[in-house]
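Quick notes on the structure that follows.
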Amino acid sequence: MTEHTNPEGKERIGVYVCHCGTNIAGMVDVEDVATWAARELADRGVVIARDYKFMCSSLGQELIEQDIKEEGLTRVVVAACSPHLHEATFRKACANAGLNPYLCELVSIREQVSWVHTDKVAATEKSKAVLSGGVERVIHHEPLEPLHVPIHPATLVVGGGIAGIQAAIEVADAGYPVYLVEREPSIGGHMSQFDKTFPTLDCSACILTPKMVTAGTHPHIKLFSYSEVTNVDGYVGNFTVTIRKKARHVNEELCTGCGICQEKCPKKVIDDVYEAGLGYRKAVYTPFPQAVPKFPVIDVPNCIYFQKGTCKACEKFCPTNAIDFQQEDEYVTVQVGNIILATGFDLFDPRVVSQYGYGRLANVFTSLEFERLTNAAGPTNGEIVLRDGVTKPTSVGILHCVGSRDRNYNNYCSVICCMQSLKFAHLVHERTGATVYNFYIDMRTAYKEYDEFYQRVLEEGTLFVRGKVAEVTDAARLPQEEGKLIIQVEDTLASVQRRIPVDMVVLSAAMVPRHDAHEVAQLFGISCSSNGWFIEKHPKLDPVATMTEGIFIAGCVQGPKDIPSSVAQGAAASARVLGRIQQGEIALEPVRATVDESKCSGCRICNNLCPYNAILFHEDRMVTEINPALCQGCGTCVAACPAGAISGTCFSNEQIFAQIEGLMRVNFQHEKLAEMA
Amino acid sequence: MSANGKPKFAMYWAASCGGCEIAVLNTGEKILDVDANFDVVFWPVAMDAKYKDVEAMPDKSILLTLFNGGIRNQENEAMAHLLRRKSQILVAFGSCACEGCIPGLANLSTTEQIFDAVYDSITTDNPQNYRPQYQTKVPEGDIHIPKFYPVLRTLDQVIDVDYYMPGCPPESHQIAEVIDLVIQVIHGQASLPPAGSVIGAGNSTVCDECPRQRNVKTIKGFQRIQDIAELDPDLCLLEQGIPCNGPATRSGCGALCPQAGAQCIGCYGPAEGVVDYGARLMSAFASVIDSNDPAEIEQILDQLPDPAGQFYRFNLAGSLLRAAKPVWKQ
Amino acid sequence: MSEQFEPILVGFTCNWCSYRAADLAGTARVKYPPNIRLIRLMCSGRLDPAFVMKALAEGADGVLITGCHPGECHYLEQNYKALRRFLLLRRTLEQMGIEPGRIKLVWASAAEGVKLAHEINTMVEEVRAMGPLNWPKRWESNGFHATVKEQEQEVTA
Amino acid sequence: MSKYLFYPGCAMQTSARAYNESMQEVLGPLGLNFEEVRDWNCCGATEYLGISTVPAYALISRNLALASRQSNGVKTLVASCSACYLNLSKADHYMAERPSLGQMVNVALAEGGLEYTPGTLEIRHLLDIVINEVGLDVVKERVTHPLKGLRVAPYLGCMVPRPDYEKRWSDYEYPDELDRLLKALGAEVIDFPLKTHCCGGHMAQISPTTAFELIRRLISSADNYKADVMVTVCPMCQMNLDAYQNETNHYFHTNYKMPVLFFTQLMGLAFGIDAKKLGFGRELVSAKEAMSRIGIEVPQEEPKTPARRKKTTGLPMPKMPGDEEETQ
Amino acid sequence: MYTLKSMAIQDKAYKDSTAPDFSQTFVDMVENYGRSYEFGLATRHYLKHFPLRLPSMAPMGLGMLSKKRMDITPKHIEGIDQLKAILSRAKELEVV
């Protein structure tokens, strides 16, 4: 790249003010700004000042390229929209014309001026000030090269639900190694707990287990079940991840998955995770028969041997003596280039909604408990029965929006409860013939075949009451209410108060973020919103990426969604990862900090300011050095260095000071324009 | 060149304490080299030369002028302009000339407050509450005294300065080296450093020369040095909670104070290329406070009762804001 | 221009949250007074007290510092350092006669465009009430007001 | 001995005399020293606020003004009757929330040489003081005659838990404070679903049939759950359920015999104080027969089979937060 | 709810309900004595509205009296004039 430096040593700056149609021109007098810049900022090096309808259009860019070539511009300032939108566009234009892209500055006069102010004169005034700031700043820009960082082909997928499995399979199918980490003893996630799935009423296991087996046996997928990620270091393309394989106390090489140990184990425990507290499992268990991997796990707190030192039934009966009580947790460190987080959701705990009586009234069930009831491998082998495990309900009430769309709990809609409740209604009809009431506020059946399913359930005779249920109580007022759960609801269509006695109530509870979402977000260095859903790079245009390069999210971890969307996001995330791996390397923004060792006195004030520990101290030379690869460019150390020995590219002190001077040069009494120093 | 062929040398002190003159004297025999190589033409504390003598000299006739002291009143400013006209090389000698130093701290008070402190304090016997009058009528005629400016300015805020020599006072060995350098320049054996650069000091900070052991800094609180029962002789003072300005102060003094068990108070001024000395210290100290809870941070900061004094003891006049708001409002 | 005092504020925003909140305020057409001029930094941790003093010295009447909510910093914890520096800086400036109200630290996440606009609005009104700071910008003056002439009469008067 | 200001309210001297007697008896063991607000006036119960606003709040805040003048350092004003507690809290809360109302009330108070600034006093119910200030462990220590075998239905009424301005109670619909207290006394507490449903208030005078229906629901539900006795914290609830019980029986041709007592009466019993001093016998539906079950060691007849016992076979119930001590 | 009740009373939208009258009787009583006087309140209300129900009320009334849970005579408070002054001033301020 030829570097044009003109004789007087001043930079030759080109200023371009964009109309953006009327978005900017509607409020800012762009011509006046351009002419003002040409006149007032000439002595600062502005040689060209144009205004143009659409700077980001190819014509606009050619304008810049032409000027750079013909006028020998050494700096370019564009006053238009937000840098987050077109900074890359104008940098590319400069690069095409042979000017180092980092010598271009984009000043926002649309989002931060024309769109937010109402007074035309003030908006034009502010545009001039902001432009002047940009011009002063760009003088101090230095040519930079983006940092090229190699991408490690391996990928880490956290979370073995349907989204994680889909992502893992797609990346592995492309021939790249994948480490799939799942906290529970088996992959499958929430989907493995369901019996049927809407709207097609496919048996959930039938469509899930093939994918689980593919993931379990895939040559390129290394499965870490019953494991957790404990530490993540490094940056995009070069993550070092430490995985803790919790001790299963079963030797995976020897175990054949025959299940004898589970039969012989004398200790029965309520299974709170897989059976949602509705069924029992042994102290040594696999969550469900089709578990992948098939190896059981010993639940130490409940195992008689571990608590009292006796029993050891499983060890006696194990044909391949695969039981190994001395097995320790294992820490495995792996290198990966990209990470996909698909850690899923937790179910809202309806106990806090005391009016619905969950936990107090026996026959009130959560949606997950009902799923286990309907599941053939469930505690009741698919029989829909009351809490006593025997009686079939003659009437069932299904409540939508429990904990969703409710200011006291969660404002958002959990997307799947309506369809899930319709599925429940259908299953109750099919299996018990009981009368079914669905209590909804809005029926949300938005996607393919969803509304058709709703009409089908309507035709089956489900009674729909539009109203938010006020109370579920067992205090009968009339004889026919004795021994029943009475649902008190206002039927807003018929505008009448109803008291409907039913045998069983199912609460379609909301989806809430994982209880440890904040810790996981902190561990992976991505931001998660205050209520716990992980924040995507852009809600509409970039839902699977995050602000942190190299870390992607898929499925319900980003927010409530149904299975098709989770699968789609899993595939999307894997596509993004494969794109990265294909590139082989990634160009990182050259925003870095560097230490001038002659000025550094080794005072070590900056040493513990870097969460990415990019700052290392050389005891021998008593001098600090910053590892450009690890440095993310936040600039905290630049601001903290007492000796001013650390400088940061793209946001150096000189640039910011100059920008402040430029900004303040134009004050409101525009006739009293302070003269240049 | 003066009559005897030796280059002329001048030294003047404006708003300062005179310690810099004594530091020059303190160079021991080196003062003889000065006399040998220079013709001292103007040095009010050492010889009897009057302003009109200087005015009589041709412009640029004085080779080297060491000007110490800030510009507090009209006379300082007049002499600064005069010496600038008369001297070839003018050095801002000492912290007062470079950055305002202790006299610069007066920029925190308005003129009225300063006069009250001086003419109306407990130790002053001034029943009639007199104040200096710039113009008084006496039988002999009108007497004028130099106008007292509300803000003390550093030398380079009044005239162009060729070189800066920080320190309060500059270390004698540094003065000696500078004198040798200038002598060599006279004899053509060396060339002058680039204009405007700092001489007589290092370009790192005091920590570089401090023998104490330095570890990662996490400050739980600040303490005054006299409140610490027994001080660890080898460990960095800042890590023991003593607010030591060493990390931000230019090296050159050999870290005399920290070696003697006292915290550095920053007399050698900011390091190379630093815009605001106090800002550097505020940022450094605050960044390593080991707490994220605002209330706890406030408690720790309460242990720094006088932040302006701590961070701007020497650099107030040379800082970005230079003086307190009421001073400007006068 | 309206006759009442129009303060000039300098705002420092962090690229990942408060700058995006400002953009969001733009796309949502949320109005706020034009008195503030925003500077984009990579993180609130990048904010050097010298920038604030430089802005005031250059004639700003107030400085608004914004960053991500504690715990939500894109660089994990750098906004805590911004908080510590802000608390110390405010004390020093107060000692130099600058009303603490002229410097403000506000947390705003990428989704809180409206909140940021509201904060800007409130601060502009607060600083307007405090009146101009107008630090003398040009130092050639010998400590009196900007114009040397005016000082001359004072001597003779 | 912790000192409190005490606002008895009109009912304590009349319809709730048993409440007052039993309370005076248990104050000693609980270490509570109540100083009655001198010359307090009626709080307007549920009627005054229905007619007017400023006069109603002026009436109530006269008590607040008198109490704050008399408080010399004591910050908490205790009310034993739920209606008085609610009215006092409302006055203090709305005078702070609506400054205009506060000023008008103070202008009115000024006529009587009084003044009240909202927030100076903390208004709390007697039950809240027993649970949170005295503490259940202290209550347990004082229990010498645990009420073993007595099945009680805790009936809190609707004015105490709602509207809970200061968030003092565990839940709006199903607070467990009274249940925990009665368990501490050794009684067997049934899971009474209507514990915060309305008893009718002054409905008995305005439209008796509505009152009877509300009373029937409460009594029949308690009876379904095989409770021997209903326990309440509010004179108005006690009056409605106790005094109008036999008229309700006539109206619905039912034959309920559900004694309704105050929680302080049961506390007195558990502390070993003689029933006579605790106002037993003042209730219209006699509690003698129920008390005999624990008063004298009468051999247990066939214990009433509780209708709603938790299923031990079948599917496990979800664990509730308070479950652990359940199983001890 | 009380605001709804007072609005309904002001707009006379209560058909035959005796509630407003009961409240008014209660209010007058409190304004005269300073404390509520159930006996007087109940007897006057029933005489006025439910004379037929008096016989069925008798057993309850006697029970309450015998158990000393109702006083025949009303109780006055000392500061009754202070209360009256406050309430009359409050009535002037009442923005209907």
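Which one of A:Cys311, A:Gly259, A:Ala291 is farthest out on the positive end of the charge dipole of the range A:248-327, using unit charges on Cβ (Lys, Arg +1; Asp, Glu -1) and the Cα centre as origin?
A:Cys311
Using θ = phi - 60° and the Karplus curve 6.51 cos²θ - 1.76 cosθ + 1.60, what whole-Hz ³J(HN,Hα) does each residue of the range C:97-109 get, with Gly and Pro shown as x?
x, 8, 4, x, x, 7, 10, 9, 10, 9, 9, 8, 7
Pairs A:Lys222/A:Lys537; A:Lys120/A:Lys537; A:Lys245/A:Lys282: which are spaced more than 25 Å apart, C-alpha to C-alpha?
The answer is A:Lys222/A:Lys537; A:Lys120/A:Lys537.
What is the local net charge at B:Phe222, summed over the other residues whose Cβ is closer than 15 Å to its Cβ (Lys, Arg +1; Asp, Glu -1)?
-2
Where the centre of each part is set by its Cα atoms, how far does the range A:69-110 sit from the range A:15-40, in angstrom?
Answer, in whole Å: 16.
Given points 7 Å out from each Cα along the Cα-Cβ axis, report the B:Ala117 to A:Ile260 separation in nanometres with one decimal.
9.3 nm
What Rg and what Dmax come out for the protein assembly as shown when only alpha-carbon atoms are used, in angstroms?
Spelled out, the Cα radius of gyration and Dmax of the protein assembly as shown are 42.2, 139 Å.
Taking only the alpha-carbon positions of chain A and ignoring solvent, what does the Debye formula give for the base-10 log of I(q)/I(0) at q = 0.09 Å⁻¹?
Results for chain A at q = 0.09 Å⁻¹ read -0.93.
What ³J(HN,Hα) values, in whole Hz, does the Karplus curve 6.51 cos²θ - 1.76 cosθ + 1.60 give for the range A:359-376 when θ = phi - 60°, with x put for Gly and Pro?
Result, rounded to whole Hz: x, 9, 8, 4, 8, 9, 10, 8, 4, 5, 4, 5, 4, 5, 4, 6, 6, 4.
Assuming a ≥ b ≥ c are the square roots of the Cα gyration tensor eigenvalues, decide whether chain B counts as rounded (a/c under 1.5), prolate (otherwise, with a/b larger than b/c) or oblate.
oblate
Give me the Kirkwood hydrodynamic radius of the range E:17-93, using the inverse of the mean 1/r over all pairs of distinct Cα atoms, in Å to one decimal.
One over the average 1/r among Cα pairs gives 14.0 Å for the range E:17-93.
Express in whole angstrom the spacing between the alpha-carbon centres of the range D:20-66 and the range D:85-129.
If we compute the Cα centre of each part, the gap is 12 Å.
Neighbouring Cβ atoms within 10 Å as the yardstick, rank B:Trp13, C:Trp135 fewest first.
Taking fewest neighbouring Cβ atoms as first place, the list is C:Trp135, B:Trp13.
Counting other beta carbons within 10 Å of each Cβ, put D:His125, E:His49, A:His190 in order, fewest first.
By the 10 Å Cβ count, ascending: E:His49, A:His190, D:His125.
Rank C:Thr122, C:Thr13, C:Thr92 by mean-square fluctuation in a GNM of chain C with C-alpha springs under 10 angstrom and give only the top-ranked residue.
Most flexible of the set in this elastic network: C:Thr92.
About the Cα centre, and with charges only on the beta carbon of Lys, Arg (+1) and Asp, Glu (-1), how big is the dipole of the range D:2-126? Nearest 20 debye, please. Kindly include the intermediate steps, with their values, before the conclusion.
Values: 9 positive and 11 negative charges, 27 e Å.
Value, rounded to 20: 120 debye.
Here are some pairs, A:Lys392/A:Lys484; D:Lys75/D:Lys167; B:Lys137/B:Lys329; A:Lys267/A:Lys316; which of them have Cα atoms lying more than 22 Å apart in this structure?
Among A:Lys392/A:Lys484; D:Lys75/D:Lys167; B:Lys137/B:Lys329; A:Lys267/A:Lys316, the Cα-Cα distance tops 22 Å for B:Lys137/B:Lys329.
What's the center-to-center distance, using Cα atoms, between the range B:309-330 and the range B:175-247 in Å?
23 Å
For A:Val591, list long-range residues whose amide hydrogen, built 1.01 Å from N in the peptide plane, is under 5 Å from its own amide hydrogen.
So A:Val591 has HN proximity to no qualifying residue.
Please report the net charge: other residues with Cβ closer than 9 Å to the Cβ of A:Phe295, K and R +1, D and E -1.
Its environment carries a net charge of +1.
Determine the shielding of peptide B:305-311 by partner chains: average, over its residues, the number of Cβ atoms on other chains within 10 angstrom of each Cβ.
So the per-residue partner count for this stretch is 4.
Take every residue in peptide E:36-42, count the Cβ atoms of other chains within 10 Å of its Cβ, and give the average of those counts.
On the way: counts 11, 3, 6, 1, 0, 3, 2.
Average per residue, whole number: 4.
Placing one identical point scatterer on every Cα of chain D and ignoring solvent, what is log10 I(q)/I(0) from the Debye formula at q = 0.12 Å⁻¹?
Calculated log10 I(q)/I(0) at the listed q: -0.85.
Using Cα positions and a limit of under 29 Å, work out the lysines in reach of E:Lys91, with same-chain residues fewer than 8 apart set aside.
D:Lys90, E:Lys5, E:Lys12, E:Lys15, E:Lys48, E:Lys75
For an R0 of 41 angstrom, estimate the FRET efficiency from the Cβ-Cβ distance between B:Gln213 and A:Asp233 and round to the nearest 0.05.
Values: r = 29 Å, r/R0 = 0.70.
So the FRET efficiency works out to roughly 0.90.
Straight-line reach from D:Lys140: which lysines have a Cα under 19 Å away, not including same-chain ones fewer than 8 places off?
Candidates past the 8-residue exclusion: D:Lys148, D:Lys183.
Of the candidates D:Ser220, D:Ser68, D:Ser82, which one comes out as most mobile in a Gaussian network treatment of chain D with C-alpha springs shorter than 10 Å?
Judging by the Gaussian network model, the answer is D:Ser220.
Using amide H atoms built 1.01 Å from N in the peptide plane, name the residues 5+ places from D:Phe262, or on other chains, whose amide H lies under 5 Å from its own.
For D:Phe262, whose amide H was placed from the backbone, the distant partners under 5 Å are D:Thr232.
Rg (Å, one decimal) plus Dmax (Å, integer) for the alpha carbons of the range D:144-295?
14.9, 44
What does the charge count near A:Cys56 come to, summing +1 for each Lys or Arg and -1 for each Asp or Glu among other residues with Cβ under 13 Å from its Cβ?
+2
7 Å from Cα along Cα→Cβ at both A:Val352 and A:Asp516: what's the point-to-point distance in nm?
Rounded to a tenth, the inter-label distance reads 2.1 nm.
Between A:Asp388 and E:Met7, what is the spin-label point distance in nm, taking each point 7 Å from the Cα along the Cα→C-beta axis?
4.9 nm
In which sequence would A:Lys222, B:Lys217, C:Lys81 go, from the one with the fewest C-beta neighbours within 10 Å to the one with the most? Don't skip to the answer; put the middle values down first.
Working: A:Lys222 17, B:Lys217 22, C:Lys81 29.
Listed from fewest to most nearby Cβ atoms, that is A:Lys222, B:Lys217, C:Lys81.
The numbers here are math on the coordinates, done by the rules we state, and not lab data. Every value quoted in this text rests on a predicted model; they were computed, and no experiment measured them. Methodologically, a virtual Cβ is constructed for each residue, glycine included, from the backbone with ideal geometry; neighbour enumeration extends over all protein chains shown.
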